[in-house]
Amino acid sequence: MDDLTTTGALFAGSMIRWIALLPLVAAFVHGVLIGLVRARISDRLVFGISAAAVFAALCLSMGGLYEIVGVGAAERLLDSVGPWIGGGVGPRSFSAELAFQLDPLSAVFCLAVTGTALIVYVHAIGGFVHGALDRETAHRTFAMLDLLVGSTLVLVLADNLLLFFLGWAGVGIASQLFAAFDFEDRDASRAGATTFVIGRVGDLGLLAAMLLLFDGLSRAGAPALTFRGIEAAFRLLEGQGVLWLSYGLAQAPLLLEIVGFGLVLAALTKCAQLPLHFWLPQSTTGPTTAHALLQSVTTGVAGVYVLLRFAFLLESAPGALRTLILAGAATAMLASLAAANQLNLPRLIAFTTSTVLGFAILGIGIGAHSTAAFLILTHSVSKALLLLVAGVVISAQKGDTDLRRMGGLGRRMPGTHWLFLIAGLGLVGAFPFANFFPIEELVAFLWISARPESGLLLAVVVTSVGVLAFAMGRAFFLIFWGNVRPGGLLESPLRDPVGWQQNSLTILAVLAFSGGFLSPAQFWQGVTAAPIEQMDTVGYFLTRVVPGSPDPELVGSERGWLAALVGLVVVLGLAVSAARYARRGYRGEPKHPAVAVATVWMREMFFFERAYQILLVRPVRLLSELALARGIENQLIDRMVVSGGSGLLRGAVWGVLRRVQNGRAQSYTLIGLLTLLVIVTWMVA
Amino acid sequence: MLTAFWPFLAEHLLSIIVATPVAAAFALGTLALTLRAVGLGDLPSRAWLGTAFVATVLTFAATVWAAVLFDPEMLGLQGLEARPWVPALGATVAFAVDGIGLCFLLSTAAVSPLALIASRDSAEESEPAWVFVILALESALLGAIASSNLLFFIGFWAAGLVPLLLWMGRWGGLGRARAASRLWTTEAIGLAGMLFVAFVLHEATLAQFGVASLDLAPREAGVTRSLLDVRLEVDEQWLLFLAFSFALATRLPIAPLHFWLPAAHAAAPTGLSVLIATGFAQTAAIGWLRFALPLFPDAVRAAGPALSLLGIVALAYASLLALVQKELKRLVAYASVGYAGFALFGMSTLNVQGLTGAVLQLLTHGLATAGLFTLIGFLSIRRGTTEVAAFGGLAKPMPVCAFFFGVMVLSLMGLPLLGGFVGDLFVLLGSLETRRTLSVFALIAMVVAASYLLWVQRRLFLGPVDEPANRGLIDLDRIERAILLALTIPIVAIGIHPNPVLRRVEPAVLELLYEMDRRSVAKEMPAPEAESDDEEFARVDRVPSDARVPGKGRR
């Protein structure tokens, strides 16, 4: 458990801080320039600052990963900048340092974040330079992108809970800013507020978990705030059987459940899972470039990362895990149905994000930790590609996002057509595209799982994969095949993106195709049962930190059949969508009233947000308005107590004065004497 | 000459800090009267404002000097100055500060020049009187924060009311007479309670020591006994605590004694709102932390859970009310009532982290609400109204205003890297130690409470610019930006590097808790639970038990 502080000449441990700090510093500089100084600097400088920061972060991440791969099992790089917050006395004292750690889990995520970020940056710069994006917004966009990337990196690299919370909150702020990017638009500003409020609910869960964990550990005599310290304390106390002693044995499991539940709540909000999923589709009013980053490597990574870090703790919180499984499965099912019925392209993609993150959440729930991490990685490239291509499509449609008015783009933009296809296939997990391998692993894990409900979960996952394939196929055919729709506005001349925009998309397409080969050995080993030596795949790399086996212990023909099932379901979904939409495009809403209603309900994902509005927000406002503001505040306190009380007081004082100030000399003399008596008594006493 | 001069200044630094504003006020007043008597007419208004500004900045510079001289290692009160005033009454002219007082002193001295500048437009006609009132108010607030004698404290407490009421009544907005009379009535009742406490304690010290002494720190070791050595039985403590707390609760203010505040803020000029949100509330906190807690420990301990509950209820109640306010100043006023409830919650936890958090919370949330009031004042100058409905989409014409509003709101919400987070974190950590069940509600209330701030931010700055009058609004000018920047810097600084503040506040809190333990007369108090029997269990990276030695560094 040693920390490596100094290593090879090429990469020093003290460089880790810059992975996170460089983008944050860039964001700060941009923020001050925009918000405070109101200075306009040239776009080139903006691009230069941001891209250089992210490029440097990428290089440093690669260096860090190289170091980490080279060293032994349980080691990490630690970079301590200095003390940040500390205080308290005795067993409750704490000191949170500004310290960053690089271990396999954070190194892998760091690389994914910085790599994807750099590609998205290049694409965005290309967009601004070629005029596909509005140059007026360039500075703002990059300020927010830097904040998003920097916060995610702080979150991933944080060594203790407080720093982790800092990154977490930063991601929340950046998401809100992006949701409200077109702040002059009413819907966008509403989406920003929704994003922020849901984010606060997640913050609440995380804060509660953090504080209760610290409290529990310090009551047991082992206060710790660092991830390592917490795990060590946890294991030690567990081994001695004195876990949470001062909470009383009866309460100990309860405390763990509450902590676990807080973490789960936090993860569900960030991963846009039921029942707090609706902020993500709403926030798609923001720029698609930003969403290419947001949905691929930031929010999902944040949510899954916190669960992976605390995987050791969640194992002792079965109730929280059950919540996780339930939410993940329900989201995968309902969000894929919602995606299949969407009429709006960015919303559709947002629902596919919820679906895939639902798989990851479900995977963590059943203990397939490294599979979940693997899925997040492969998902990130295909999702980034999909959103960037969607951005190209939307600007070709002059900003129109409605699928009903799209069609026939394939002939005019062949390159975009193929890229979208690759992204879609990668996302739904068509063999041998990226997402296939983790999804197959997940299904295999469910197959061998001893849980009673695993059969049902397996059915849910396979069905969702099919529906997801249908949804992506539908979007693809509606956009690119068929004829140009009559109502559609088309940019002219219509052409594929060029230059750096095109290059960035190509790189992502290669990754979306080949991303799954990060662990081909596992797959072949599973299917062919051939004895292949254990390779240093991502899964095995992560098991240095994350508990659980990286690969389901299922070999031979059963594994082959499961893989075939996943592959077939995907093909089936695509085939159905092709049959329905390849030729004729959008065919209007369903005729039968029951089907029409069902479509709308699925499209809006069963109106969760409206339910919150009606059941929670409105009653609270009404209560505050009527009972508190008018009732207690106005009537009781203002009228009765204050005005009434002062009225009574005034009456009494006037009454006494009227009696006393009657103009008779005798009574004045009497008062004077009495006063004198009082003073004399007091002075004598 | 100078070599002798500096030590003299350093010796009497607190008196100088307190006296500078009011001395400048009197000097200006005399000058004005002389000029008028001689027939030279009035000074130009700029001269008034400029001189007053220089005086307040000098005061702030002196507090910074005091902060530099302050020894964070030492427990207890520092910079003690005491001169007899009315010996028979036990009253002395006594100044001293601990870390808590120092922080409040710095913040009040820092916002005073800003308050002066921020409301410069509201009083163009009658500059001399206006400047006089502001300077007098600053002195009174600083005096209350820095005094270490009960009667002296009460004197400043009451003295602050006069300029405050004058300011509100003469230069305030709509409803100022009603607001002023309400404030006066409640404060007068509170003052009566405080004077009663002073009277009883005077009698008690006289009876027990043979000398009347209302000093917190003995002037010379072994010669005079301090107020903290007086023995009070539990029932006496209860009576005195309740009498003393009424005034504090109205001023902090704790719901349901907050009724004067929304009206006061609605009527007050910007600068006054700023001072009410910072210095005025902080004098109440000083009353609690320096006098009430150590003087009446058993009553406070017994009342602790109830006070915590009251704090949470006040937070929830005020937040819900803020949610439905339609006028900006009232909305922020209710927000500050809510945060006062949260501060009470922190103070009533009666442990190191909770109390430290409450102090930081008062400090940073005070600054942030002051910032919000300033921004609202600037909006009101531009639009002539503070109704929420009159605004919308302001981020387009006023981006800098939106930026600062966002920073203040985020700090109030407790986002990390901003000051509010540190206080909230410490309060919650402290409350988990002694009020575990309530802390869960506190957490929920704290996080959910922020939603109204978000609502108002969205309502003001986002969305389309509906009103034509809002389209041509001019963004903050250079002076206004400087004011907001000056308020933002400490918020951000505390968020990024809170340890210097924490290192000064914590010893003061430790000393306070030590005094509470020492003075407690109910000896059957249960021992702190953590220390009893867990020694046999292994401890992982446990910090060595605190090096608190009773009386270490005390004078």
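The values are calculated or read from the model by the stated rules, or taken from the named source; none is laboratory data. Worth saying up front: this structure is predicted, and the values here are computed from it rather than measured. Positions of Cβ are backbone-derived with ideal geometry, glycine not excepted, and every protein chain shown enters the neighbour counts.
Is one or more of the residues making up segment A:229-238 facing chain B (nearest Cβ under 10 Å), at pLDDT 85 or above, out of contact with any helix residue (DSSP H, G or I) (no Cβ under 8 Å at 6 or more places or on another chain) and farther than 27 Å from residue A:276 by Cα?
For segment A:229-238, residues facing chain B (nearest Cβ under 10 Å), at pLDDT 85 or above, out of contact with any helix residue (DSSP H, G or I) (no Cβ under 8 Å at 6 or more places or on another chain) and farther than 27 Å from residue A:276 by Cα: present.
Restricting to helices (runs of 4 or more DSSP H) lying wholly in segment B:380-461: which have 2 or more residues that are at the interface with chain A (Cβ under 10 Å from one of its Cβ atoms) and hydroxyl-bearing (Ser, Thr, Tyr)?
Hits in segment B:380-461: B:451-461.
Which residues, counting only those in segment B:67-105, are assigned to a helix (DSSP H, G or I) and surrounded by fewer than 23 Cβ atoms within 10 Å (Cβ to Cβ)?
Hits for segment B:67-105 are B:67, B:68, B:69, B:87, B:88, B:89.
Could we say that residue B:379 is surrounded by 24 or more Cβ atoms within 10 Å (Cβ to Cβ) and either of a type outside the set (Gly, Ala, Ser) or more than 22 Å from the chain's Cα centre (by Cα) (or both) here?
No: the conditions fail for residue B:379.
Are any residues in segment A:342-371 small (Gly, Ala, Ser) and modelled with pLDDT of 90 or more, and if so, which ones?
A:350, A:354, A:358, A:360, A:363, A:365
Take the conditions basic (Lys, Arg) and either in a loop (DSSP other than H, G, I, E, B) or crowded, with 17+ Cβ neighbours inside 10 Å (or both) and apply them to residue B:503. Does it pass?
Criteria not met by residue B:503.
Which condition does residue A:225 not pass, out of (1) more than 17 Å from the chain's Cα centre (by Cα); (2) at the interface with chain B (Cβ under 8 Å from one of its Cβ atoms), if it passes all the others?
Here residue A:225 clears every test but (2).
Could you give every pair whose Cβ atoms fall below 7 Å, whose first residue belongs to segment A:185-203 and is within 21 Å of residue B:445 (Cα to Cα) and free of Cβ contacts under 8 Å to residues at least 60 places away in the same chain, and whose second residue is of a type in the set (S, T, N, Q) and not in a helix (DSSP H, G or I), counting only separations of at least 6 or pairs across chains?
No pair meets every condition.
Residue B:41: outside the structural domain of residue B:491 (by TED's automatic domain parsing), among the small types (Gly, Ala, Ser) and surrounded by 16 or more Cβ atoms within 10 Å (Cβ to Cβ), yes or no?
Criteria not met by residue B:41.
Within segment A:403-481, which helices (runs of 4 or more DSSP H) (wholly inside it) include 3 or more residues that are assigned by TED's automatic domain parsing to the domain that holds residue A:374, at pLDDT 85 or above and buried (at least 23 other Cβ atoms within 10 Å of the Cβ)?
A:414-428, A:436-448, A:454-480
Are any residues in segment B:231-285 over 19 Å from residue B:187 (Cβ atoms) and polar (S, T, N, Q), and if so, which ones?
B:237, B:270
Just checking, how many residues over segment A:62-104 are assigned to a helix (DSSP H, G or I) and among the β-branched types (Val, Ile, Thr)?
Residues that pass the stated criteria total 2.
Which residue pairs have Cβ atoms closer than 8 Å, lie 6 or more positions apart in sequence or on different chains, and pair a first residue in segment A:629-653 that is within 11 Å of another protein chain (Cβ to nearest Cβ) and closer than 20 Å to residue B:334 by Cα with a second residue that is part of a helix (DSSP H, G or I) and basic (Lys, Arg)?
As it stands, the answer is A:642/B:182, since those pairs meet every condition given.
Among B:176, B:182, which is buried (at least 19 other Cβ atoms within 10 Å of the Cβ), within 13 Å of chain A (Cβ to nearest Cβ) and not aromatic (Phe, Trp, Tyr)?
Being buried (at least 19 other Cβ atoms within 10 Å of the Cβ), within 13 Å of chain A (Cβ to nearest Cβ) and not aromatic (Phe, Trp, Tyr) holds for just one of B:176, B:182, which is B:182.
Quick check: is even one residue across segment B:202-212 within 14 Å of chain A (Cβ to nearest Cβ), part of a helix (DSSP H, G or I) and touching a Lys or Arg at 6+ places or on another chain (Cβ under 9 Å)?
Yes, segment B:202-212 contains a residue that is within 14 Å of chain A (Cβ to nearest Cβ), part of a helix (DSSP H, G or I) and touching a Lys or Arg at 6+ places or on another chain (Cβ under 9 Å).
From the list B:447, B:388, exactly one residue is within 30 Å of residue B:305 (Cα to Cα), surrounded by fewer than 23 Cβ atoms within 10 Å (Cβ to Cβ) and at pLDDT below 90. Which is it?
B:447
Residue A:208 - would you say it is farther than 28 Å from residue A:48 by Cα and outside the structural domain of residue A:40 (by TED's automatic domain parsing)?
So residue A:208 passes the test.
In segment A:503-524, how many residues are modelled with pLDDT of 75 or more and either assigned to a loop (DSSP other than H, G, I, E, B) or surrounded by fewer than 18 Cβ atoms within 10 Å (Cβ to Cβ) (or both)?
5
Test residue B:398 against the stated conditions and say whether it is out of contact with any Cys (no Cβ under 7 Å at 6 or more places or on another chain), farther than 23 Å from residue A:197 by Cα and buried (at least 23 other Cβ atoms within 10 Å of the Cβ).
Yes, satisfied.
This table checks each residue for (1) of a type in the set (A, V, I, L, M); (2) at pLDDT 90 or above; (3) surrounded by fewer than 17 Cβ atoms within 10 Å (Cβ to Cβ).
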residue	(1), (2), (3)
B:467	no, no, yes
B:471	no, no, yes
B:489	yes, yes, yes
B:494	yes, yes, no
B:513	yes, yes, no
B:522	yes, no, yes
B:553	no, no, yes
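Kindly check whether there is at least one residue in segment A:582-605 that is at pLDDT below 80, among the hydrophobic types (A, V, I, L, M, F, W, C) and surrounded by 15 or more Cβ atoms within 10 Å (Cβ to Cβ).
yes
Within the bounds of segment B:243-252, is there any residue that is in the same structural domain as residue B:22 (by TED's automatic domain parsing), farther than 28 Å from residue B:280 by Cβ and in a helix (DSSP H, G or I)?
Within segment B:243-252 (the criterion being in the same structural domain as residue B:22 (by TED's automatic domain parsing), farther than 28 Å from residue B:280 by Cβ and in a helix (DSSP H, G or I)), the answer is no, since none of the residues qualifies.
Determine which member of the set B:322, B:370 is crowded, with 21+ Cβ neighbours inside 10 Å and at pLDDT 90 or above.
Step by step, each of B:322, B:370 is checked, and only B:370 is crowded, with 21+ Cβ neighbours inside 10 Å and at pLDDT 90 or above.
Go through segment B:376-391 and give me each residue that's within 16 Å of residue B:475 (Cβ to Cβ) and among the small types (Gly, Ala, Ser).
Residues satisfying the conditions are B:377, B:380.
I'd like to check something: does segment A:42-60 contain any residue that is surrounded by 16 or more Cβ atoms within 10 Å (Cβ to Cβ), of a type in the set (S, T, N, Q) and either out of contact with any helix residue (DSSP H, G or I) (no Cβ under 7 Å at 6 or more places or on another chain) or closer than 30 Å to residue B:477 by Cβ (or both)?
no
Exactly one of these conditions fails for residue B:138: (1) farther than 21 Å from residue B:267 by Cβ; (2) part of a helix (DSSP H, G or I). Give me its number.
(1)
Which members of segment A:49-96 meet the condition of being within 14 Å of chain B (Cβ to nearest Cβ) and under 25 Å from the mean Cα position of the chain (by Cα)?
Result: A:96, single match.
Quick check on segment A:338-370: of everything there that is more than 18 Å from the chain's Cα centre (by Cα) and in a helix (DSSP H, G or I), which residue is nearest to residue A:291 (Cα to Cα)?
Among those that are more than 18 Å from the chain's Cα centre (by Cα) and in a helix (DSSP H, G or I), it is A:345.
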